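The values are calculated or read from the model by the stated rules, or taken from the named source; none is laboratory data. Note that the structure is a prediction, hence the values are computed from the model and not measured. Glycine also receives a Cβ, built like all others from the backbone with ideal geometry; neighbour counts cover every protein chain displayed. With ligands, DNA and RNA removed, areas are computed over all heavy atoms of the protein, side chains included. Shrake-Rupley method; radii C 1.70, N 1.55, O 1.52, S 1.80 Å.
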Amino acid sequence: MAAGAAELRRMQWRLEELERRVGGGEGAGGPRKVADELVKAQVALNNIAGKRERIKILFKKIEDVIKYLDPQYIDRMAVPDAMKLQFILAEEQAIPARAALLEQVKNLQPILDSASIQAVPDHAAKLQRLSQIHIQQQEQRQDLTDSVKMLLEDYNKMTLLLSKQFVQWNEILIRLETAKKVKPVAE
């Protein structure tokens, strides 16, 4: 009880010190209290707000903003334990698989910490150069593929034309041989 009274006296002293610093001590009308001035300002704002509908709406929105900015707002909006339990039960089948994957990552951690993996950034310049060479070789391969494709198309066209020519020559020979056999032998 004595500790509460001491705390109350200490708070009162702090408030008086604050009023002295802010209010500048005693003015023409006597000592000015910060709390009194704040009450007057609040009353004036409420009178203004009461006269205008838009200001009332604005004050209501300000209260909402203050409520949402409160750090404990999220705690009040927290998911109840029953809902958390439902989330866990819904994921019951997937939890062992995820735990196994986490265990696998934990077991592979020494590999990630190995000197070979740690040296990867040092090899970035070499890898960049090799990537450029690889891109150039891919372009050369594409050019070579295109030229081989063109040569094969030319070969196929030439083979087709030669085949047609041989077929025509064969037909001419057959007609000539047939005409020679049909001619009567006059001798």
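Look at the stretch 87-102 and say how many of its residues are part of a helix (DSSP H, G or I) and open to solvent by 90 Å² or more (accessible area, probe 1.4 Å). So the answer is 5.
Cβ-Cβ contacts under 7 Å between residues 6 or more apart (or on different chains), taken from a first residue in the stretch 27-52 that is more than 26 Å from residue 17 (Cβ to Cβ) to a second residue that is open to solvent by 70 Å² or more (accessible area, probe 1.4 Å) and modelled with pLDDT under 80, are listed as 49/56. The set of residues from the stretch 20-51 being modelled with pLDDT under 80, under 27 Å from residue 63 (Cβ atoms) and open to solvent by less than 70 Å² (accessible area, probe 1.4 Å) comprises 34, 35, 49, 50. Per the listing 84, 126, 106, the residue uniquely basic (Lys, Arg), part of a helix (DSSP H, G or I) and surrounded by 10 or more Cβ atoms within 10 Å (Cβ to Cβ) is 84. Residues that are more than 30 Å from residue 68 (Cβ to Cβ), modelled with pLDDT of 95 or more and of a type in the set (Lys, Arg) occur in the stretch 146-162; there is at least one. Checked against (1) at pLDDT 95 or above; (2) exposed (fewer than 10 other Cβ atoms within 10 Å of the Cβ), residue 185 meets all criteria but (1). Determine if the stretch 72-80 includes at least one residue that is surrounded by 10 or more Cβ atoms within 10 Å (Cβ to Cβ) and at pLDDT 80 or above. No.
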